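The values are calculated or read from the model by the stated rules, or taken from the named source; none is laboratory data. Just so you know, these numbers come straight off a predicted model, no measurement behind them. Neighbour counts are summed over all protein chains in view; Cβ atoms, including those assigned to glycine, are modelled from backbone coordinates with ideal geometry. These accessible areas exclude ligands, DNA and RNA; they are computed on the full protein's heavy atoms, side chains included. Shrake-Rupley method; radii C 1.70, N 1.55, O 1.52, S 1.80 Å.
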Amino acid sequence: MGEVLARHLDWLYGTQRFGVQPGLERIEALLSRLGNPERRFRSVLVGGTNGKGSVSAALASALQASGQRTGIFTSPHLTHFAERFRVDGEPVAEPELLAALEMVRPHAEALEATFFEVVTAVGCWLFAHADVEWAVVEVGMGGRLDATNALSPELSVITNIGLDHTEVLGETLAAIAAEKAGILRAGQPAVTAAMPALWPVLEQVGADLWALGREFSFRVTGLSLSGTALELHWPDGAQMLDLQTPLLGAHGAANAALAAAAALRLGVSREAVRQGLAQTRWPGRLEYLTVQGQGWLLDGAHNPDGAQALTDTLDALDLRPVRLVFGASADKALEEMVQILAPAVSDVVLTQAQWSPRAAEPGTLRPLWEAQGIPVREAASPVQALELATPARWAASQAAAPVVVCGSLYLVGEVRGVLLRQGAERRERWQ
């Protein structure tokens, strides 16, 4: 089975050559050929710029805690493709994944479907055949023309809205907000953590929209490397929910609050919300690991907003300055990211993800960090970067602080695989 599955995955990764082609025609045709599996479960769409995965994970955990059989679809994966599809918290098994690919492939080839369209269809088929009651589906890029928008969500979530993928979504926050508002449905419930200036754009759709800071709010009551404590409030003070989450920082608390509000709107009990948020697991996003006595903080921050959230969390945890392992995709706002991160960094090891052709070479990143006065070392691979970043290689006074790894989820996935000795799939990844 392993060899057969590998061949299908090789084919699937080969569809990355079609690139990103926004539009719903192919995915709707593909789902129709499969018998519309997306109609066999209830769904939630989670869009936004940052925090989509964290909110999806927390909401899925709350639904699962309420006794509902729950699927969650996220992207990209960190180390293994099956991570994109989880049922009640567990990645789908190889036999089910193989069956889905064998079912979807001939139709996808006939339609020349893109990589993400195929993956979306595979997820829908898997969830339908796993008899999930709910599927929490993370939007890929934008919203209006994203393949996931072929589903009919009973609730939609828009996390925050920042400048990312501007070449596709638009150059202004309002333009990007309009694209992301495409996942909202008139008359259907929705929640958002977007800034107040963008609420009018989102409200044009006519969804029953609750906004963080208007219909609900939160207050952080405790923060450590093990997680965050917060209170969820309604404006009239009539309801208040004490929550614990492993998600770190103020933005982690905001994501937890957003997921909690979404779950409550779906009818999940307060106790199930508490239990689900406490049990949330979302690897690679401000994830703290200890390996052979050394702490590592892994974060997929890959744009300026993500870099700012990471820096704010380091401040709140009183961890500055930190040793940093950094690598990013060449098409990101690298100079702005470096400017945001630099005040929190003592030294940096530059490297690149080995299986991401989009990765910037360390030599091209060096001048950006040196311009900020940060000492730099270069490593040809994540393995070498981890060796250079271990405390024995640096000043002993820094040994107590965790080493931070950030800049790209592809890099974080490869680093996590090395640290936990899990390995990673050896295929080029563009998406």
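In table form, for the structure just shown:
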item: Contacts under 8 angstrom Cβ, first residue in the range 93-111 being farther than 20 Å from residue 29 by Cα, partner open to solvent by 40 Å² or more (accessible area, probe 1.4 Å) and among the small types (Gly, Ala, Ser), 6 or more apart; result: 94/2
item: Matching residues in the range 1-33 - criterion: being closer than 20 Å to residue 145 by Cβ and of a type in the set (Ser, Thr, Tyr); result: 15, 32
item: Whichever residue in the range 223-234 is free of Cβ contacts under 8 Å to residues at least 24 places away in the same chain and open to solvent by 20 Å² or more (accessible area, probe 1.4 Å) and, among such residues, is nearest to residue 286 (Cα to Cα); result: 231
item: Meets criteria (buried (at least 20 other Cβ atoms within 10 Å of the Cβ), in contact with a strand residue (DSSP E or B) (Cβ under 9 Å, 6 or more places away or on another chain) and in contact (Cβ under 8 Å) with a residue 60 or more places away in the chain) for residue 74; result: yes
item: Residues located in the range 376-390, provided they are open to solvent by 70 Å² or more (accessible area, probe 1.4 Å) and over 19 Å from residue 413 (Cβ atoms); result: 377, 378
item: Residue 220 being over 23 Å from residue 133 (Cα atoms), in contact with a strand residue (DSSP E or B) (Cβ under 9 Å, 6 or more places away or on another chain) and either open to solvent by less than 60 Å² (accessible area, probe 1.4 Å) or not aromatic (Phe, Trp, Tyr) (or both); result: yes
item: Any hit, the range 235-244, residues being under 20 Å from residue 56 (Cα atoms) and buried (at least 21 other Cβ atoms within 10 Å of the Cβ); result: yes
item: Qualifying residue in the range 337-346 (condition: within 13 Å of residue 402 (Cα to Cα) and assigned to a helix (DSSP H, G or I)); result: yes
item: One residue from 261, 278, 250 being surrounded by 24 or more Cβ atoms within 10 Å (Cβ to Cβ) and either in contact (Cβ under 8 Å) with a residue 12 or more places away in the chain or of a type outside the set (Gly, Ala, Ser) (or both); result: 261
item: Failed item, numbered, when residue 345 is tested on (1) surrounded by fewer than 21 Cβ atoms within 10 Å (Cβ to Cβ); (2) more than 29 Å from residue 17 (Cα to Cα); result: (1)
item: Criterion (in contact with a helix residue (DSSP H, G or I) (Cβ under 6 Å, 6 or more places away or on another chain), surrounded by fewer than 24 Cβ atoms within 10 Å (Cβ to Cβ), of a type outside the set (Ser, Thr, Tyr) and closer than 30 Å to residue 378 by Cβ) met by exactly one of 283, 304; result: 304
item: Unique residue being among the small types (Gly, Ala, Ser) and closer than 27 Å to residue 195 by Cα when the list is 51, 89, 2, 19; result: 51
item: Scan of the range 312-329 for residues that are under 19 Å from the mean Cα position of the chain (by Cα) and either free of Cβ contacts under 8 Å to residues at least 24 places away in the same chain or surrounded by fewer than 22 Cβ atoms within 10 Å (Cβ to Cβ) (or both), ordered by number; result: 312, 329
item: Filter pass, residue 298 being buried (at least 23 other Cβ atoms within 10 Å of the Cβ), within 20 Å of the chain's Cα centre (by Cα) and either over 26 Å from residue 79 (Cβ atoms) or modelled with pLDDT of 90 or more (or both); result: yes
item: Every residue from the range 360-373 that is crowded, with 18+ Cβ neighbours inside 10 Å and either among the acidic types (Asp, Glu) or outside any loop (DSSP other than H, G, I, E, B) (or both); result: 362, 365, 368, 369
item: Residue that is farthest from residue 77 (Cα to Cα), among those in the range 374-401 that are modelled with pLDDT under 90 and outside any helix (DSSP H, G or I); result: 395
item: Enumerated strands (runs of 3 or more DSSP E) restricted to the range 127-239, each holding at least 1 residues that are modelled with pLDDT of 95 or more and within 21 Å of the chain's Cα centre (by Cα); result: 134-138, 155-158, 189-192, 208-211, 227-233
item: Only one of 29, 60 that is open to solvent by 20 Å² or more (accessible area, probe 1.4 Å) and either over 27 Å from residue 426 (Cβ atoms) or free of Cβ contacts under 8 Å to residues at least 24 places away in the same chain (or both); result: 29
item: Unmet criterion (only one of (1) closer than 19 Å to residue 347 by Cα; (2) part of a loop (DSSP other than H, G, I, E, B)) for residue 297; result: (2)
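Conditions tested, residue by residue: (1) touching a strand residue (DSSP E or B) at 6+ places or on another chain (Cβ under 7 Å); (2) over 26 Å from residue 314 (Cβ atoms).
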position: 179; (1), (2): no, yes
position: 189; (1), (2): yes, yes
position: 214; (1), (2): no, yes
position: 230; (1), (2): yes, no
position: 236; (1), (2): no, yes
position: 254; (1), (2): yes, no
position: 266; (1), (2): yes, yes
